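Here, each number is a calculation from the coordinates, and none is a lab measurement. Quick caveat: nothing in here was measured; it's all calculated off a predicted structure. Neighbour counts are summed over all protein chains in view; Cβ atoms, including those assigned to glycine, are modelled from backbone coordinates with ideal geometry.
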Amino acid sequence: MNLEIKEKDGILIGYLSGYIDTVTSDQVGKEMEPLLEQANRNIEIDCSQLEYISSSGLRLLLSLRKQVAADGGSLVIKNINDEIRKVFTLTGFFKLFDIR
């Protein structure tokens, strides 16, 4: 699992790759701290290289969403594959996020 954060045209972009599960969620949470600290900005999470997400990973994204909403930023989830789309749909998270 890896989260790489870059800035492009004033937008913070987090590139997730690999698997987010119970084992890796603590690491991902720590790597997300810069995004949480700048939650007043426009943030995109690019999932084009994300292969799997468990409920632990969904909780991390939900925490980010809550912080962004509280701080007046925006959050977009981009480029999810069909399997992750199913997870978002089955859990009801698809309705909670701006997914493109």
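Simple spin-label model, 7 Å along Cα-to-Cβ: residue 55 to residue 36 in nm?
Rounded to a tenth, the inter-label distance reads 2.0 nm.
With N set to the residue count of the chain, report its C-alpha Rg divided by 2.2 N^0.38 Å to two decimal places.
The value comes to 0.96.
I need the phi-derived Karplus couplings for the range 32-49: 6.51 cos²θ - 1.76 cosθ + 1.60, θ = phi - 60°, integer Hz, Gly and Pro marked x.
With coefficients 6.51, -1.76 and 1.60, one gets 7, 3, x, 5, 5, 6, 10, 5, 7, 9, 7, 10, 10, 10, 8, 10, 4, 10 Hz.
Out of residues 5 or more away from residue 44 or on other chains, whose amide H comes under 5 Å of its own, with H placed 1.01 Å from N in the peptide plane?
Distant-sequence amide H within range of residue 44: 12, 13, 14, 76.
May I ask for the net charge around residue 24, where only other residues with Cβ less than 11 Å from the Cβ of residue 24 are counted and Lys, Arg are +1 while Asp, Glu are -1?
Net local charge, residue 24 excluded: -2.
Calculate, in whole percent, how much of the Cα-Cα pair population of the range 1-51 lies beyond 11 Å.
Roughly 67 percent, once rounded to a whole number.
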